[in-house]
Amino acid sequence: MTKNGKQREVMRIWRKYPAFKHLQYSTIITSMASWSSFIAMLVLLNQITDSGFALGTLWAVSGLAPLLFSVVVGVWVDRWELQRGLIVVEVLRAVTFLGFIVVPFLPEMYAIGLFLILRFATGIFASFNASAKQAVIPDLVARDDLVVANSLSYTITSVVRLLGASLGGLLLTIFGQEVNWIFASVAYLLSAWLIGREKWSTSKRVQVSKNFKEELTTGLKVAFGNRWILLVLMSGLSGGLVIGSYNLMIEAYSSGVYKIGNWGMSVLYVAEGAVSAYLGYWMANRKFFFKKTSRYGYMYALIGVAWILFGFSGNIYEGVICLVLFAAASAFTAPYERTTMQTEIPEEARGRVFGLWNTISLSALQVGAFLTGAIISLFGLEYVPLLIGSVQVCFGLTFLLVVVNRERQRRQVSGQSMT
C-alpha cells in the first residue's frame, strides 16, 4: 500500500462518520480546557488556604469523591439518550466553571466549601462525559471500523496530553484565572454545539421503570461475568498503579538521578507522548490489530519490563529509551482495550461497565501515587519502578495464561466435535 493509501484510511473514517468526527473535535476542545483548568484549580486552592496539609487534603478529597460515583453515573449513561445527555452535561459544565470566578472573593470557609462543591460537580460531569463518549462510539462507527476509530481516538488523546499542560499553563500565565474559567466555559458550550451538529441513531438503552439498584447490580454482573471484560478491568488496575507512579518518578529521576532539572522532564514527556501519538496514528491508518490475542499479553508484560528498566536508568538517554519502549507497548494495548469493551459489553450495559472501568483506573492511579511515596520511604527511589512494574508484568503473564488456556479449551471442543 502506498503512503497516500495509508493516509486515506484515517481520512476515510473522518469523512464517513461525521458524528464521530465532531465527537473527536469536542474531545480535543474540552481536553485542552480540562488541562488548563486543572492547573488553575491548583493555583486557586493555594490562594484560598494557607495550610499545606489542608491544601493536600482538600485536593485529594475533591478529586477522589467524584470517582466513587462513576459507577452510579454509568447507570444514567445507560438510561439516557446519549446525544441529549452529553449536550445537557456540557452546558452544565460551562455554567459550573463560571462559578470558580466567585471563589477567591469569598471568606475562606465559604471559598473552600464552594470550591469543593464545584470540583465535585465538574468531576461528576467529567465521569459522565468519559463513560458516555466511549459507550456511544459503537453506535457512531461500524464494527469493522472500531479498531481505526479507537486508534485514532488514542492518537488524539496522546497529542492533547502532550500539548495540554504547557498550553494550559501559558494561558493561565498570560490571561489569569478569570479568563481561564471563561475559556473553559466557552469550550464546553462549543463542545455541546459540536455534539449536536449531527443526529445520532441512538436511543434509551434501559427501561427507566427498572429499579436503580438492580440496574447497577446487573452492570457489575456483566463486568465480572465476562473474562475479556474482566481482564480489561484488571489492566485498568495494574496500569493505573504504573501511571500513578509515573509523574512522580519522571520528576524524581530528572532532578535526583539524572540531575538535569526540569528540562529533563520535558524531554521524557515529549519522548513518551510523541511515540504514543505516532504509533496510534500508524495503527489507525493500517487498521492494525493483533490476530493472536495472546500477543497483547506480551505487550502488557513489556509495559512492566520497560518501567522496571526505567528504574535502573542512570542518565537521560537511558530514560528516554525505556519510555519509548513503555509508550510503544502501551500504544498497542489501548485500542485493544477500547475495542474489546465496546464489542463485548451488551449495548444496554455499556455505561455502567465503562463507569466501573473509569473508577478502577483513576482510583488505582491515586493508590499508585500513595504507594510511590510509601515505597520511597521504606526502600528507596529505585524500588518504585521495580515493585510497581512487577505488578504489571504479573498481569501480563496472567493475561497470557488466560488466553492460552482459552485457546486450549477451544481446541479440545473442536477435537471432540470432529470425533
Restricting to lysines 8 or more places apart or on different chains, can you count the pairs in the chain with Cα atoms under 20 Å from each other? 16
For a label point 7 angstrom out from the Cα of VAL179 toward its Cβ, which stretches of the stretch 74-114 have the backbone nitrogen within less than 17 Å? 101
The stretch 127-153-the stretch 236-262 distance, computed between alpha-carbon centres (Å): 30
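Over the stretch 219-374, calculate the relative contact order: mean separation of alpha carbon pairs under 8 Å at least 6 apart, over the residue count, as a percent. Working shown, then result.
Details: 151 pairs, mean separation 70.5, N = 156.
It rounds to 45 percent for the stretch 219-374.
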Taking a ≥ b ≥ c as the square roots of the Cα gyration tensor eigenvalues, with a/c under 1.5 meaning rounded and otherwise prolate when a/b beats b/c, else oblate, which class fits the stretch 360-410? oblate
Could you work out the relative contact order of the chain, using alpha carbon pairs under 8 angstrom and six or more residues apart, expressed as a whole percent? 27
The stretch 319-333 versus the stretch 367-397: alpha-carbon centroid distance in Å: 18
Just from its helices, what would the mean residue ellipticity at 222 nm be for the chain, if runs of 4 or more DSSP H residues each count -39500 (n - 2.57) and the sum is divided by every residue, rounded to the nearest 500 deg cm²/dmol? -29000 deg cm²/dmol
What full-extension length gain, to one decimal in nm, is calculated for GLU81 and ASN247 as 0.36 nm per residue of separation minus the Cα-Cα distance? 56.0 nm
Gain on full stretching of the segment that runs from ALA274 to TYR110 - 0.36 nm per residue minus C-alpha separation: 54.8 nm
Pop a pseudo-label 7 angstrom from the Cα along the beta-carbon direction at both PHE312 and SER294 and give the gap in nm to one decimal. 2.6
Classify the stretch 69-182 from the C-alpha gyration tensor, please: rounded if a/c falls under 1.5, else prolate or oblate depending on whether a/b exceeds b/c. oblate
What does the extension gain come out to for LYS199 and LYS259, with contour length at 0.36 nm per residue minus their alpha carbon separation? 16.2 nm
Roughly how many percent of the accessible protein surface of the stretch 256-391 is carbon and sulfur, given a 1.4 Å probe and a whole-percent answer? 67
Taking only protein heavy atoms into account and a 1.4 Å probe, give the accessible area per residue of the chain in Å². 46
How do the peptides 181-188, 100-107, 141-148 rank, highest first, by the average count of neighbouring beta carbon atoms within 10 Å per residue? 181-188, 141-148, 100-107
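The values are calculated or read from the model by the stated rules, or taken from the named source; none is laboratory data. Note that the coordinates shown come from a computational prediction; the quantities given were computed from them, not determined experimentally. Backbone-built Cβ (ideal geometry, glycine too); neighbour counts: all protein chains shown. When the accessible area is computed, the model is the full protein with side chains, heavy atoms only, and any ligands, DNA or RNA have been set aside. Shrake-Rupley method; radii C 1.70, N 1.55, O 1.52, S 1.80 Å.
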